[in-house]
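Below is one structure, written out as structure tokens; comments come after it.
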Amino acid sequence: MIKSPLNYTGNKSRLLDQLFPLFPQKIDKFVDMCCGGASVGLNANAKYVVCFDSNSKVVELLQTLRFLSEKKIVDKVEGFINYFNLSDTFNKGYDVYRKYIQGNNGLKEFNAEGYSKLRSFYNQKSLNTKRDKAVCLFTLLVFCFNNDLRFNSCGQFNMPVGKIDFNESIRKKLTSFKYGTKNKDIDFIQNDFKILKELELHRNDFVYIDPPYLITNAVYNESGSKWDDFKEKELLEVLSYLDDNGIRFALSNVLRKGDKENIILSSWVKKNKFNTHYINYHYRSSSYNKKDRATPEEEVLITNYNV
């Protein structure tokens, strides 16, 4: 599996072994809509893959990680590490920092001050080129809490400092990403789901979409661009358009969470007689970005074709 170095909200890397058997076997163009860290698109078996996301910073980051050489990325990240006096266990070892470690906080105490300065540096738009900004953002991801990507309603990166640094595991994910993008015909483009009506799609093409979930309390439902009933209905109208034009699609979503039900989605599925496949996975271990992560979810994949 090709691993993405972006630990994006709701990423599907742990579900690929359940999702891919439900996808069509023959795909010419694979559209990964709301791609986030692009874990699905990176591993899709298709002649051509195009990954869309509405967040321009995410797309710029994916494009930069693809086109800059791995050495240049590493050199730039290590430059930020040295300038802001962040930990470097890969080159210096872990023992150097042990006296700063308290409880299970890892490298949090050592990196707190430098990370805060790096975050302010990024948010103040102190860099001139898009690629330098993207690598700076990647460095923040490496050092932030759970390596998550989150912005406030003003577009500022607002994650707190985390426990780890640019260690061997993250470097391997970067290497995997570079290998995957080098050996796959793949593009990363900034746009939202409405572009699906304008794309030139054919019967052997396939659209996978993983939008924000309407009835969950993930951080993307608390920002200024909150996913609401209107956007949910707008998305489903676009998917109905694809179905009317013979384009296959699969939609990841949650039908129920605790005592909540996505009535808009469930009614749409019944009306159109689409197929519902239940996913056997709970995000408890990876949903630190949800307030109610202990509440059971009914995760599904909805398809307009028979598996």
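The values are calculated or read from the model by the stated rules, or taken from the named source; none is laboratory data. All values derive from a computational prediction rather than experimental measurement. Because the Cβ atoms are built from the backbone with ideal geometry, glycine has one as well, and the counts that use them run over all protein chains shown.
Within region 172-226, take every residue that is aromatic (Phe, Trp, Tyr) and more than 30 Å from ASN152 (Cβ to Cβ) and give me the one that is modelled with the highest pLDDT. Explain how you work it out, then say what you get.
Filtering region 172-226 for residues aromatic (Phe, Trp, Tyr) gives 177, 179, 188, 193, 206, 208, 213, 220.
With more than 30 Å from ASN152 (Cβ to Cβ) added as a condition, the list becomes 179, 206.
Numbers: TYR179: 92, PHE206: 98.
Per the stated criteria, the residue is PHE206.
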Subject >> Residue tally, condition in contact with a helix residue (DSSP H, G or I) (Cβ under 6 Å, 6 or more places away or on another chain) and outside any loop (DSSP other than H, G, I, E, B), over region 23-42 >> reply: 4
**OP:** Go over the candidates LEU235, LEU199, LEU251, LEU239 one by one and state the one that is out of contact with any helix residue (DSSP H, G or I) (no Cβ under 6 Å at 6 or more places or on another chain), in contact (Cβ under 8 Å) with a residue 40 or more places away in the chain and in a helix (DSSP H, G or I).
**Re:** LEU239
**OP:** Considering (1) of a type in the set (A, V, I, L, M, F, W, C); (2) assigned to a helix (DSSP H, G or I); (3) free of Cβ contacts under 8 Å to residues at least 12 places away in the same chain; (4) closer than 24 Å to LEU174 by Cα, say which one VAL96 fails and leave the rest.
**Re:** (4)
Original post:
Is it the case that ASN105 is over 27 Å from GLN63 (Cα atoms) and out of contact with any Pro (no Cβ under 6 Å at 6 or more places or on another chain)?
Top reply: yes
**OP:** Those residues that are touching a residue at least 24 places away in the same chain (Cβ under 8 Å) and β-branched (Val, Ile, Thr), I need them from region 254-267; list them, please.
**Re:** VAL254, ILE264
**OP:** May I ask you to list pairs of residues, at least six apart or on different chains, whose Cβ atoms are under 8 Å apart, with the first in region 56-69 being closer than 16 Å to TYR179 by Cβ and the second being among the hydroxyl-bearing types (Ser, Thr, Tyr)?
**Re:** LEU65/THR181; ARG66/THR181
**OP:** Can you tell me which residue among SER54, SER87, SER120, SER116 is in contact with an Asp or Glu (Cβ under 9 Å, 6 or more places away or on another chain), modelled with pLDDT of 95 or more, of a type in the set (S, T, N, Q) and under 21 Å from LEU149 (Cα atoms)?
**Re:** SER87
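Would you call LYS291 over 24 Å from ASP192 (Cβ atoms) and at pLDDT 95 or above? Give the steps one after another, and end with the answer.
Numbers: over 24 Å from ASP192 (Cβ atoms): yes; at pLDDT 95 or above: no.
Answer is no for this residue.
Residues checked against (1) touching a Gly at 6+ places or on another chain (Cβ under 7 Å); (2) of a type outside the set (Phe, Trp, Tyr); (3) in contact (Cβ under 8 Å) with a residue 12 or more places away in the chain; (4) within 15 Å of ASN55 (Cβ to Cβ):
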residue	(1), (2), (3), (4)
PHE138	no, no, yes, yes
LEU141	no, yes, yes, yes
PHE166	no, no, yes, no
SER176	no, yes, yes, no
**OP:** Mind counting the residues in region 55-83 that are within 27 Å of SER153 (Cα to Cα) and part of a helix (DSSP H, G or I)?
**Re:** 12
Subject >> Within region 156-185, considering residues that are in contact with a Lys or Arg (Cβ under 8 Å, 6 or more places away or on another chain) and crowded, with 20+ Cβ neighbours inside 10 Å, the one farthest from TYR94 (Cα to Cα) >> reply: THR181
